[in-house]
Amino acid sequence: MTQVVRIEQPGGPEQMKLVQVDVGEPGPNEVQVRHHAIGLNYIDIYQRSGLYSLPLPLTLGMEGAGVVEAIGRDVHHLALGDRVAYASQPPGSYSELRNLPATSVCQLPDAIDFETGAAMMLKGLTAQYLLRKTLPAGGLEAGDFVLFHAAAGGVGLIACQWARALGLQLIGTAGSDEKCALARENGAAHVINYRTENFAERVKDITGGQGVKVVYDSVGKDTFEGSLDSLRPFGLMVSFGNGSGPVPPVNLGTLGAKGSLYITRPTLFTHIATREGTQEMANELFDIVGSGQVKIPINQRYALADVQQAHRDLEERRTTGASVLLP
């Protein structure tokens, strides 16, 4: 038996309950992991609230790090006792022990501790596919401007550092002067407090009226129109989250009127659908973290039993950087 955080119906943080379940043995192509740390992400709130509908009852959580305790049939890249980390579907990392598909479970280098491993997989792999794979026409080169919303969040602070390593001029937005300062400390070339400034106008000022090649937007409804207005002609709008609510229906004619813009709605799980693809992305993430060019800021730690408070803090934007749950 093991403790897991489960919801019986969608709703607020109070729906999450700590319960005992029988894990059983891993099936074919599965691995059993005992968690040492668990990542906390905004997608967990989408799933808990019902914005992203999943079968119930549901154990939440998309990433974690720990030790392999059992291996199912046809799993060949892992061994008992391996230190591992993962971002994976289906959810289930809010637990002491779980079985999960082995495809996205990667050996964790010895130089990276469990808390860092748990905090960096979903967020770090997201930053990787955004900055390295989700690119505007003609790609990105050193010196190019990009706009990144929620730059002081878990994905944002990793992206600020990674963009600096790539030589990009990242313009980061955040909701307070303190968060803007944090984004700048982590590599943002320019910062904008969207509560006190019109970010689209400031972007045009910063770029000499041209706009940016690409916007990475996890905020959604509140920033969508301004994001389109921040792009240069043929620019790419990347909507990868809904922190303020879903983006309303888009009139495609708007994209033409604003400069023949491109728009995409990518997800991490399309990128990590294969073992080879997952490992390739993870290797690049491990390398840049191991080099020290990207550090994973873990600014909040909660006991698994305090998961309701963790969700309240995340939802009310009281957190910066990454948060982890400790079983």
Query - Gln308 vs. criteria modelled with pLDDT of 95 or more, of a type outside the set (D, E, K, R), in contact with a helix residue (DSSP H, G or I) (Cβ under 7 Å, 6 or more places away or on another chain) and more than 24 Å from Pro10 (Cβ to Cβ) - result: no
Query - Ala200 being in a helix (DSSP H, G or I), of a type in the set (A, V, I, L, M, F, W, C) and in contact with a Ser or Thr (Cβ under 6 Å, 6 or more places away or on another chain) - result: yes
Requested in this report: Kindly indicate the residue of region 235-266 that is among the aliphatic types (A, V, I, L, M) and without any contact (Cβ under 8 Å) to a residue 12 or more places away in the chain and also nearest to Ala127 (Cα to Cα) among those meeting that condition.
Outcome: Leu252
Requested in this report: Please work out which one of (1) in a strand (DSSP E or B); (2) over 21 Å from the mean Cα position of the chain (by Cα) is the condition Leu170 fails and give its number.
Outcome: (2)
Query raised in the report: Can you name the strands (runs of 3 or more DSSP E) wholly within region 1-60 that have at least 3 residues being without any contact (Cβ under 8 Å) to a residue 24 or more places away in the chain?
Result: 17-21
Query raised in the report: Is region 122-136 home to any residue that is surrounded by 20 or more Cβ atoms within 10 Å (Cβ to Cβ) and out of contact with any helix residue (DSSP H, G or I) (no Cβ under 9 Å at 6 or more places or on another chain)?
Result: yes
Query raised in the report: Pick from Asp74, Asp44: which is of a type outside the set (A, V, I, L, M) and over 14 Å from Pro101 (Cα atoms)?
Result: Asp44
Query raised in the report: If you take the residues in region 287-313 that are within 22 Å of Leu125 (Cβ to Cβ) and among the basic types (Lys, Arg), which one is surrounded by the most Cβ atoms within 10 Å (Cβ to Cβ)?
Result: Arg301
Query raised in the report: Is it fair to say Ser93 is among the polar types (S, T, N, Q) and in the same structural domain as Tyr302 (by TED's automatic domain parsing)?
Result: yes
Query - Failed item, numbered, when Val219 is tested on (1) touching a residue at least 60 places away in the same chain (Cβ under 8 Å); (2) among the β-branched types (Val, Ile, Thr); (3) farther than 20 Å from Thr126 by Cα - result: (3)
Report summary line: Residues in region 267-299 that are in a helix (DSSP H, G or I), without any contact (Cβ under 8 Å) to a residue 60 or more places away in the chain and over 16 Å from the mean Cα position of the chain (by Cα) total 5
Report task. Kindly indicate the residue of region 209-243 that is more than 15 Å from Ala257 (Cα to Cα) and among the acidic types (Asp, Glu) and also surrounded by the fewest Cβ atoms within 10 Å (Cβ to Cβ) among those meeting that condition. Result -> Asp222
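Yes or no, residue by residue, for (1) closer than 27 Å to Leu261 by Cα; (2) not in a loop (DSSP other than H, G, I, E, B):
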| position | (1), (2) |
| --- | --- |
| Arg98 | no, yes |
| Gly117 | no, yes |
| Thr126 | yes, yes |
| Leu130 | yes, yes |
| Ala137 | yes, no |
| Glu141 | yes, no |
| Val155 | yes, yes |
| Arg164 | yes, yes |
| Ile192 | yes, yes |
**Report entry** Pairs where the first residue, in region 315-326, is within 20 Å of Ala37 (Cβ to Cβ) and the second is of a type in the set (Gly, Ala, Ser) and surrounded by fewer than 16 Cβ atoms within 10 Å (Cβ to Cβ), C-beta under 7 Å, 6+ apart
**Finding:** Leu326/Ala303
Query - Qualifying residues in region 219-266 (those that are under 21 Å from Arg48 (Cα atoms) and among the aliphatic types (A, V, I, L, M)) - the one farthest from the chain's Cα centre (by Cα) - result: Val247
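Looking only at region 80-101, count how many residues are more than 20 Å from the chain's Cα centre (by Cα) and either on the phi < 0 side of the Ramachandran plot or buried (at least 19 other Cβ atoms within 10 Å of the Cβ) (or both). Steps first, please.
Taking region 80-101 and keeping what is more than 20 Å from the chain's Cα centre (by Cα), we get 80-83, 96-99.
Now restrict to residues that are either on the phi < 0 side of the Ramachandran plot or buried (at least 19 other Cβ atoms within 10 Å of the Cβ) (or both): 80, 82-83, 96-99.
Adding up the residues that qualify gives 7.
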Query raised in the report: Pick from Glu316, Glu284: which is touching a helix residue (DSSP H, G or I) at 6+ places or on another chain (Cβ under 9 Å), surrounded by fewer than 21 Cβ atoms within 10 Å (Cβ to Cβ), not assigned by TED's automatic domain parsing to the domain that holds Ala165 and not polar (S, T, N, Q)?
Result: Glu284
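The values are calculated or read from the model by the stated rules, or taken from the named source; none is laboratory data. Since this is a predicted model, take the numbers as computed values, not measurements. Every residue, glycine among them, receives a Cβ derived from its backbone with ideal geometry; neighbour counts consider all protein chains shown.
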